[in-house]
Each structure stands twice: as structure tokens, then as C-alpha cells.
Amino acid sequence: MVVRFINWIKSLFAPSLEGAKAPLTKTPVNVSRSIDKIIIHCTASDVDKHGRNMQYYLYKWHVEERGFSDIGYHFGIDLDGQLLAFRPIGKIGAHCFGHNAGSIGIAVHGKDKFYQWQFDELKSLVNKLCKEYGLTLDDVYPHSAFSDKACPNFDIKEVL
Ligand SMILES: [Zn+2]
């Protein structure tokens with residue numbers, strides 16, 4: 001993380017011609033904040049009632065109902081165990097009051113019934129992010145650690 005931050009600072013002072021060659025879409029977005037924790041959520045969605053489409057459900061909830069600029073989590077894991085990317089990691093999430101600044105938010109779709117393949121994907125994603133940002137499992141928290149909600153409604157220690 002420190003190395004990436006230093007590289008980012010260096011890149012700010014790089015000769016401007018060098019930067020001009022890079023396509024605009026390649027502007028790095030994920031190195032300008034430091035990540036110190038990962039927070040795990042569930043969508044608390046009654047899947048039978050709200051449908052299986054996680055992205056659609058979250059868009060309606062976060063963007064249309066709550067007025068967020070986009071879905072508040074960085075990643076989602078849908079009912080099939082498919083990994084979905086919602087927010088770029090460089091953009092602060094909107095998922096855990098008071099703890100958004102340094103965290104990555106991951107939501108597992110469902111309320112009280114989850115599938116092993118969702119947990120397998122969660123474990124794989126968390127391991128990758130820990131490696132990428134120099135974190136350990138001690139830096140991974142359930143939303144309930146910072147809230148009186150029971151979210152994510154499963155024991156992350158057992159899953160991870
Ligand atoms: Zn939550």
C-alpha cells in the first residue's frame with residue numbers, strides 16, 4: 001500500500017507528455033485512499049419477494065430510494081456465487097456509517113439463507129483483497145461490529 005501510494009505521488013509529478021500518451025479511461029482511481037479494513041454485509045433481501053437479480057435490487061434500493069450516486073457496496077456476490085463489481089475501490093463506499101472512508105464493502109445477496117458457493121466466492125475475494133491491500137483476516141469485519149444490525153446474518157469467522 002505504501003509503495004503504491006508513493007508511486008501515485010510520483011505519478012503526479014511525472015512529465016506531462018508521458019501522461020498525455022495514456023488514454024483518459026486508464027486514469028488510476030484506486031490508489032488515492034488507504035484501505036484498512038473490509039466490511040462484510042448481506043443485502044437482507046427476501047429473495048423470493050425481491051427477486052434474484054442483485055444488481056437490480058440494489059440499484060432500486062440505494063439509487064432510486066436512498067438517492068446514492070450508485071450502489072453503496074464495492075462488490076456483491078449474487079445467489080449463484082457470481083462476483084459483481086459495483087463501485088471502483090478508489091471511490092469511498094456508502095455501506096457502513098462512520099467506517100466508509102478506509103473500507104471496502106462487500107455484500108452477499110440474501111437474508112437468512114446463503115449458499116456454499118456464495119461463501120466460497122466471498123472467501124476467494126477477501127483473500128485476494130487482503131493480499132492486494134496488505135490486510136489480514138483480523139482486518140475483516142461483519143457490519144454488525146459497527147452497528148446494532150445483525151448484518152450479515154452469518155458468522156464471517158466460520159466462512160472465512
Ligand atoms: Zn450491512
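The values are calculated or read from the model by the stated rules, or taken from the named source; none is laboratory data. Keep in mind that this is a model prediction, so the values were computed, not measured. Neighbour counts are summed over all protein chains in view; Cβ atoms, including those assigned to glycine, are modelled from backbone coordinates with ideal geometry.
Does LEU137 satisfy the condition of being of a type outside the set (Phe, Trp, Tyr), surrounded by fewer than 22 Cβ atoms within 10 Å (Cβ to Cβ), over 10 Å from the mean Cα position of the chain (by Cα) and more than 16 Å from the ligand (Cβ to nearest atom)? Considered against the rule, which asks whether it is of a type outside the set (Phe, Trp, Tyr), surrounded by fewer than 22 Cβ atoms within 10 Å (Cβ to Cβ), over 10 Å from the mean Cα position of the chain (by Cα) and more than 16 Å from the ligand (Cβ to nearest atom), LEU137 comes out as yes. Being closer than 19 Å to ASP36 by Cβ, free of Cβ contacts under 8 Å to residues at least 60 places away in the same chain and either part of a strand (DSSP E or B) or not polar (S, T, N, Q) (or both) is the requirement here; does GLY93 meet it? Here the answer is yes, as GLY93 does meet what is asked.
Within the stretch 35-67, if we keep just the residues that are in a loop (DSSP other than H, G, I, E, B) and within 16 Å of the ligand (Cβ to nearest atom), the residue that is surrounded by the fewest Cβ atoms within 10 Å (Cβ to Cβ) turns out to be ARG66. Filtered by the rule that a residue be more than 23 Å from ASP46 (Cβ to Cβ) and touching a helix residue (DSSP H, G or I) at 6+ places or on another chain (Cβ under 6 Å), the stretch 88-103 gives a lone residue, HIS99. Look at the stretch 98-114: where a residue is of a type in the set (S, T, N, Q) and a partner is part of a strand (DSSP E or B), sitting 6+ places away or on another chain with Cβ atoms under 9 Å, you get ASN100/ILE39; SER103/LYS37; SER103/ILE38; SER103/ILE39; SER103/TYR141. Among the candidates ASP112, ASP70, the residue that is touching a strand residue (DSSP E or B) at 6+ places or on another chain (Cβ under 9 Å), in the same structural domain as ALA145 (by TED's automatic domain parsing), part of a loop (DSSP other than H, G, I, E, B) and of a type outside the set (A, V, I, L, M, F, W, C) is uniquely ASP112.
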